[in-house]
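Here is the structure we will look at, set down as structure tokens.
The values are calculated or read from the model by the stated rules, or taken from the named source; none is laboratory data. A quick note: this is a predicted structure, and the numbers were derived from the prediction, not measured. As a convention, Cβ positions derive from the backbone with ideal geometry for all residues, glycine included, and neighbour counts pool all protein chains shown. In case anyone asks, the SASA skips ligands and DNA or RNA and just uses the protein heavy atoms, side chains included. Shrake-Rupley method; radii C 1.70, N 1.55, O 1.52, S 1.80 Å.
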Amino acid sequence: MEKPGIVSTLHVDEVSSAHPAQPDPRTTHQLAEKYRAILKELGENPAREGLLKTPERIAKAMQFLTHGYALDPAAILRSAMFKEDYRQMVIVRDIEIYSLCEHHLLPFFGKAHVAYIPDGRIVGLSKIPRVVDAFARRLQVQERLTVEIRNCIQDTLQPLGVAVVIEAQHMCMVMRGIQKQHSVATTSAFTGEFEHEKTRAEFIRLISKNGD
Ligand SMILES: [Zn+2]
């Protein structure tokens, strides 16, 4: 290992993002009570064996799936910004996203592609997926998620431009039969240099390269 310092920094980073705040016991209890009532209302018997611990499980899962509210995406970026003269496009593509649509509380999931062109400052690459996750782990619509990621990077890092593209499948459409099973919704948001046709086309070309 030539650069043990860098390796260990990344390691710490992965550990902290893999273990978000533990579920709060009081919140878990309160939510579980309500989910027990919901199960009953749906015609189920919350006292049967298979469902006994289900309300607590949902309560914990929902806290995990919305833990982004407790995160400060701008602070995540600020924690690893460095002066650097690099002025080419930086792209982090194929970032997995898992979010919940705010209209049905059903999952939507897919991939985000994020790019920026530095203006004297770069950010640690691992921070970009963490910013995406901090916004995705909330109740969302795909359009707002896309714009929030763009605005956070633009306002915090102040680069020459930011581009965000998200491709996702929405369970509220797929499962309810509104959409063909494999259709994907694509949203995009751009600032600065990416408003120019040529730069944007280059970005689209680079994220379209077959990497799968
Ligand atoms: Zn929905």
State all residues of segment 87-106 that are open to solvent by less than 20 Å² (accessible area, probe 1.4 Å) and either of a type in the set (D, E, K, R) or within 16 Å of the ligand (Cβ to nearest atom) (or both); if no residue qualifies, say none. I97, S99, L100, C101
Single match in D85, D72 (criterion: at pLDDT below 95 and either out of contact with any Asp or Glu (no Cβ under 8 Å at 6 or more places or on another chain) or within 19 Å of L106 (Cβ to Cβ) (or both)): D85
Apart from one, (1) of a type outside the set (K, R); (2) more than 30 Å from H196 (Cβ to Cβ); (3) in contact with a Leu (Cβ under 7 Å, 6 or more places away or on another chain) all hold for H67; the odd one out is (3)
Give the residues of segment 83-124 that are under 16 Å from the mean Cα position of the chain (by Cα) and of a type in the set (F, W, Y), sorted by residue number. Y98, F108, F109
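For segment 127-145, indicate whether the set of residues that are of a type in the set (F, W, Y), within 16 Å of the ligand (Cβ to nearest atom), open to solvent by 10 Å² or more (accessible area, probe 1.4 Å) and under 20 Å from L65 (Cβ atoms) is non-empty.
So the first thing to find is which residues in segment 127-145 are of a type in the set (F, W, Y), and the list is 135.
Then keep just the ones that are within 16 Å of the ligand (Cβ to nearest atom); that gives none.
No - not one qualifying residue is present in segment 127-145.
Determine which member of the set R200, R130 is touching a residue at least 12 places away in the same chain (Cβ under 8 Å) and farther than 22 Å from D85 by Cα. Full working, then the answer.
Details: R200 fails: farther than 22 Å from D85 by Cα.
On inspection, the qualifying residue turns out to be R130.
Within segment 182-197, identify whether any single residue is assigned to a loop (DSSP other than H, G, I, E, B), modelled with pLDDT of 95 or more and not aromatic (F, W, Y), and answer yes or no. Walk me through it before giving the result.
Looking only at segment 182-197, we keep the residues that are assigned to a loop (DSSP other than H, G, I, E, B), and these are 182-184, 191, 196.
Now restrict to residues that are modelled with pLDDT of 95 or more: 191, 196.
Adding the requirement that they be not aromatic (F, W, Y) leaves 191, 196.
Looking for residues that are assigned to a loop (DSSP other than H, G, I, E, B), modelled with pLDDT of 95 or more and not aromatic (F, W, Y), one finds at least one in segment 182-197, hence yes.
Of all residues being in contact with a strand residue (DSSP E or B) (Cβ under 7 Å, 6 or more places away or on another chain) and open to solvent by 10 Å² or more (accessible area, probe 1.4 Å) in segment 107-124, which is farthest from A136 (Cα to Cα)? Just the residue, please. Step through it out loud before you land on a result.
Looking only at segment 107-124, we keep the residues that are in contact with a strand residue (DSSP E or B) (Cβ under 7 Å, 6 or more places away or on another chain), and these are 107-118, 120-123.
Now narrow it down to the ones that are open to solvent by 10 Å² or more (accessible area, probe 1.4 Å): 107, 109-111, 117, 120-122.
Values: P107: 11, F109: 9, G110: 11, K111: 11, I117: 23, G120: 28, R121: 25, I122: 23 Å.
Selected residue: G120.
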Please go through segment 154-194 and pick out each residue that is of a type outside the set (A, V, I, L, M), touching a Gly at 6+ places or on another chain (Cβ under 7 Å) and open to solvent by 50 Å² or more (accessible area, probe 1.4 Å). E167, E193
Need a quick list: helices (runs of 4 or more DSSP H) entirely within segment 20-89 having at least 2 residues that are over 30 Å from D119 (Cα atoms). 25-41, 54-65
